[in-house]
């Protein structure tokens, strides 16, 4: 019993040290964090199962892919690898992710149905393209406002707000205009 109490006390002391160290010296937050990415990914699967239109789900899946690309590109910045110039560039990595996602949808037969078109374009492919472009616009707006504000963010979490707002506006635009 004494060994158990010593172990529990030691565990709590170590946890307290870790928490107090993080409170005194916090690490900078990653704006597009893995927890957010997994949450959005799970939400998209549920949305598709609930019958939400493929265009709208495609927009958010592509936004998720672009978010993952920007997050991973920041992790490859300091690595010494063969394809660093490609992998460390979030714009190129976003296109690679879009390509792989579209290959998946095409090879599994989820695209190309005549009943699943909007403006003559396949809803999944169109949605994927719109989602990536919306994220690009949101990231560009964030960078532009940061540049105009002496390289400082306009407000906390603006790196998250601008891309999210553009994707949300594009989604609402297509949802309301085409009654999807």
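The values are calculated or read from the model by the stated rules, or taken from the named source; none is laboratory data. Since the model is a prediction, treat every value here as computed from it, not as a measurement. Cβ sites come from the backbone with ideal geometry, for glycine too, and all protein chains shown count toward neighbours.
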Item to complete: Residues being loosely packed, with under 14 Cβ neighbours inside 10 Å and modelled with pLDDT under 90: count how many of those fall in the stretch 120-130.
Response: 0
Discussion item. Could you go through the stretch 127-136 and let me know if any residue there is over 18 Å from residue 56 (Cβ atoms) and without any contact (Cβ under 8 Å) to a residue 24 or more places away in the chain.
Written reply: no
Worksheet entry | Filter result (without any contact (Cβ under 8 Å) to a residue 24 or more places away in the chain and either assigned to a helix (DSSP H, G or I) or within 25 Å of residue 164 (Cα to Cα) (or both)) within the stretch 105-118 | 105, 106, 107
Worksheet item: So which of 133, 168, 180, 102 ends up being assigned to a loop (DSSP other than H, G, I, E, B), surrounded by 15 or more Cβ atoms within 10 Å (Cβ to Cβ) and either more than 19 Å from the chain's Cα centre (by Cα) or modelled with pLDDT of 85 or more (or both)?
Response: 180
Worksheet, complete the sentence: Given (1) surrounded by fewer than 15 Cβ atoms within 10 Å (Cβ to Cβ); (2) touching a helix residue (DSSP H, G or I) at 6+ places or on another chain (Cβ under 9 Å); (3) farther than 21 Å from residue 96 by Cβ, residue 146 misses just (1)
Worksheet item: Residue check, residue 157 against (1) loosely packed, with under 13 Cβ neighbours inside 10 Å; (2) free of Cβ contacts under 8 Å to residues at least 40 places away in the same chain, all met but one. Which one?
Response: (2)
Worksheet item: Within the stretch 125-140, which residues are touching a helix residue (DSSP H, G or I) at 6+ places or on another chain (Cβ under 7 Å) and more than 13 Å from residue 65 (Cβ to Cβ)?
Response: 125, 126, 137, 138, 139
Worksheet item: Is there a residue being in contact with a helix residue (DSSP H, G or I) (Cβ under 8 Å, 6 or more places away or on another chain), under 24 Å from residue 168 (Cα atoms) and surrounded by 16 or more Cβ atoms within 10 Å (Cβ to Cβ) anywhere in the stretch 78-91?
Response: yes
Discussion item. Quick test for you: out of 64, 56, pick the one residue that is modelled with pLDDT of 85 or more and under 14 Å from residue 97 (Cβ atoms).
Written reply: 64
